[in-house]
Every structure is written in C-alpha cells, then in structure tokens.
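One structure is given here, and the rest of the page talks about it.
The values are calculated or read from the model by the stated rules, or taken from the named source; none is laboratory data. Note that this is a predicted model, so its numbers are computed, not measured. No Cβ is skipped: glycine too gets one built from the backbone with ideal geometry, and neighbour counts run over all protein chains shown. Surface areas here come from the heavy atoms of the whole protein model, side chains and all, with no ligands, DNA or RNA. Shrake-Rupley method; radii C 1.70, N 1.55, O 1.52, S 1.80 Å.
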Amino acid sequence: MQLKADTIHIWQASLRLTEDEISAMLPLLSIAEKEQADRFRFPAHRLHYIISHARLRQIISMYADVAPNIIEFGREEHNKPFLTKPSNSALHFNLSHSLELAICAI
C-alpha cells in the first residue's frame, strides 16, 4: 500500500475479539511485546495491549510490504516508537487506545 507524502491514514480496530482471534495474534508480537503484555496487572489491559500491538503490526506490514512478525521497533528519547526493521521504511506512526477501540495513524 502506498502512502503519498503529507498524507495521513487513520485506522481503527476493535479491541473486542474472541479468545481464538487473540491467540492467533500472539505470534505476531515480539518477545519484548509479549513480556510487556505479561506485566499488566489486569487481564483486560493485557488483552488490549496484545490486540492493539498486533493490529499495529498488521497495518504497518501493508505499508512496508513485510510480514507483521518481521517488524522491529526502537524507541526515541521520549519513548516514541519508530521502525528499525524494515530499515528502509520512512513510515511514521502512532497508536492509541481507549476502552474498546484502538486508533492508528500512519
């Protein structure tokens, strides 16, 4: 999927999924993301984290033309994520979620 310069795409995703759908998303996450998910105190927060990060990976994969589980993230000085793999990607993104909805801007 191509994104023209000075264009923003907004994606929304439901955070209400079945156990089977959530289980299918776990292999998309990195080891660090799985460890982060396990640190949440409340199960609902853990599930929202898993779903929102897996959806982010799926969305970015369409723009970067790589498999979702290949994507790697780094963190800037103020903890803002950026892509380290694919290293040739100039995509900028942000992810937010509230209650049962995640929003991703690319």
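Details
- Among (1) surrounded by fewer than 12 Cβ atoms within 10 Å (Cβ to Cβ); (2) free of Cβ contacts under 8 Å to residues at least 40 places away in the same chain; (3) more than 13 Å from the chain's Cα centre (by Cα), the one test that residue 96 misses: (3)
- Scope region 21-38; condition surrounded by 11 or more Cβ atoms within 10 Å (Cβ to Cβ) and not hydrophobic (A, V, I, L, M, F, W, C); matching residues: 21, 23, 30, 33, 34, 36
- You will find that of 47, 91, 17, the residue that is at pLDDT 90 or above, surrounded by 13 or more Cβ atoms within 10 Å (Cβ to Cβ) and part of a loop (DSSP other than H, G, I, E, B) is 17 and no other.
- The set of residues in region 56-99 that are of a type in the set (D, E, K, R) and touching a helix residue (DSSP H, G or I) at 6+ places or on another chain (Cβ under 8 Å) comprises 57, 85.
- Taking residues in region 74-87 that are under 15 Å from residue 56 (Cβ atoms) and open to solvent by less than 90 Å² (accessible area, probe 1.4 Å), and partners anywhere that are in a strand (DSSP E or B) and of a type in the set (Val, Ile, Thr), the pairs with Cβ atoms closer than 8 Å and at least 6 places apart or on different chains are 74/84.
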